[in-house]
Amino acid sequence: MNAYRYLELKAELLVEGIQATPEALREVGTKYKEQNHGLFGWDFEDHVGMVLPDDFLLPDGTVVQFRKNSHSPYRVVSNGKPPALFKNEEELCGVEWIPRPAYYTEKTTSHHNMVKIGQIGGADCLFFCYQNYCSFFPNHEQCLFCNLVSTSSTYDSVLKKKDTGDIGEVARAAFAEGMAKHVLLTGGCFNHQKEIELVADILKSIRDYTGLDRVPGTILPSPARGEEELKRYHDTGIKAIGFSMEIWDERLYQAICPGKSSGTSHEEFVRSIESAVRIFGAGNVYGVFVMGLEPAKTFLEGVKVIAGLGANIVPFVWSPNPGSILEGHRAPSSRWYVDTVSQAADIIQQAGVPSGTENHCYRCDGNSLLHDALRLKGIA
Ligand code: SF4
């Protein structure tokens with residue numbers, strides 16, 4: 001199977017979901033890394049009490065998010081042999097579960113389980129959600145694709161509030177054992193001043209515990225705006241910043257993200273990204289999108305504008321997940337994703353945006369296809 005075919009296969013697996021036999025899952029949660037639901041749930045079905053992998057590797061190293069769907073034609077089977085991926089009865093290729101980090105069994109000095117504080121996304125990205133709360137849910141103004149509240153109440157598997165010292169200890173453990181190459185930090189939407197102060201404390205703790213001068217990775221805060229706020233985020237010591245714009249088309253953005261769009265306009269996001277590139281440097285700023293809820297044309301217009309500003313893009317493949325308002329809908333076809341993401345990769349290559357892989361790479365998460373499409377062009 002060639003590399004392009006793995007991109008197509010990943011798109012299929014994200015759009016159709018996957019299942020696995022009990023034998024194939026036997027060592028998930030002990031030898032291999034399991035889901036811990038640090039923020040959103042991406043499976044097509046809830047699976048309380050069932051341990052499932054977070055993600056897995058295809059033979060060329062492509063990282064794929066595991067999205068449980070018991071109706072999917074894709075299935076991982078092991079039968080006493082290394083796990084292999086089947087489509088119905090046809091064997092497609094071998095797959096590898098990702099090793100479970102050693103720190104997942106350790107505790108912080110304040111006796112908290114480290115795995116409940118920070119989790120590894122993909123194969124190398126240490127994820128901290130510093131507050132699992134979003135102010136848009138109480139007024140029913142949440143983004144239509146978001147299942148933050150339902151994931152938290154269904155699984156209740158991570159600490160809602162984390163002590164900054166605990167975060168530093170987890171970072172030290174994860175970097176020391178080689179599981180983390182970058183960090184990804186995000187929280188819900190709350191008071192801007194408080195958020196910046198909290199992020200500054202968290203980054204100081206991570207720097208103190210790891211000895212890193214600046215921390216490779218990305219902060220995805222509530223929409224940061226204005227040079228002053230952006231400089232303060234830069235001063236925390238994080239190397240990159242992202243802006244979750246979600247949808248490029250302005251009217252669709254307003255319809256799909258009623259709460260967020262009432263607080264931050266499309267225009268404000270674009271101005272913030274422009275300013276952030278001046279402060280963090282080209283390639284160290286990300287526009288983050290949910291891909292599959294707007295036409296390819298408007299999505300690609302957005303990619304063109306953002307890449308033209310010197311920023312990168314992370315477009316997550318939409319999952320119509322349980323607990324979101326769009327639960328049970330269907331994402332576009334895998335063909336649509338591959339075609340659209342390939343055009344996005346062309347645009348980014350032509351714009352000459354630095355890859356930014358020091359802060360976010362194709363091994364960081366299994367739910368975006370763009371970094372895989374860029375890897376096919378030698379940008380990784
Ligand atoms: S801003 Fe939207 S995507 Fe983010 S947590 Fe709130 S509802 Fe979810």
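The values are calculated or read from the model by the stated rules, or taken from the named source; none is laboratory data. Because the structure is a prediction, the values reported are computed rather than measured. Here Cβ is always computed from backbone atoms with ideal geometry, including for glycine, and neighbour counts include all displayed protein chains. Accessible surface areas use protein heavy atoms only, side chains included; no ligands, DNA or RNA. Shrake-Rupley method; radii C 1.70, N 1.55, O 1.52, S 1.80 Å.
Here are the numbers for this structure:
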quantity: Among (1) touching a residue at least 60 places away in the same chain (Cβ under 8 Å); (2) not in a strand (DSSP E or B) - the single one PHE299 does not satisfy; calculated: (1)
quantity: Test: residue in region 149-166 that is without any contact (Cβ under 8 Å) to a residue 12 or more places away in the chain, closer than 25 Å to ASP46 by Cα and assigned to a helix (DSSP H, G or I); calculated: yes
quantity: Strands (runs of 3 or more DSSP E) lying entirely in region 67-127 (those with 1 or more residues that are open to solvent by 50 Å² or more (accessible area, probe 1.4 Å)); calculated: 74-77, 84-87, 90-94
quantity: Close pairs (6 angstrom Cβ cut-off, 6 or more residues apart or separate chains): among the acidic types (Asp, Glu) in region 240-256, within 11 Å of the ligand (Cβ to nearest atom) and open to solvent by 10 Å² or more (accessible area, probe 1.4 Å) anywhere; calculated: GLU246/VAL290
quantity: Selected residue (criterion: farthest from the ligand (Cβ to nearest atom)) from residues of region 261-276 that are over 20 Å from SER368 (Cβ atoms) and of a type outside the set (Ser, Thr, Tyr); calculated: GLU274
quantity: Search result, residues across region 184-208 that are open to solvent by 10 Å² or more (accessible area, probe 1.4 Å), under 26 Å from TYR362 (Cα atoms) and at pLDDT 95 or above; calculated: LEU184, ARG207
quantity: Which listed residue is of a type outside the set (A, V, I, L, M, F, W, C), in the same structural domain as GLN193 (by TED's automatic domain parsing), buried (at least 24 other Cβ atoms within 10 Å of the Cβ) and out of contact with any Gly (no Cβ under 7 Å at 6 or more places or on another chain), from GLU246, GLU250, GLU268; calculated: GLU246
quantity: Some residue of region 106-116 being assigned by TED's automatic domain parsing to the domain that holds SER152 and under 20 Å from PHE40 (Cβ atoms); calculated: yes
quantity: Of all residues making up region 113-148, the number that are without any contact (Cβ under 8 Å) to a residue 24 or more places away in the chain and within 16 Å of the ligand (Cβ to nearest atom); calculated: 3
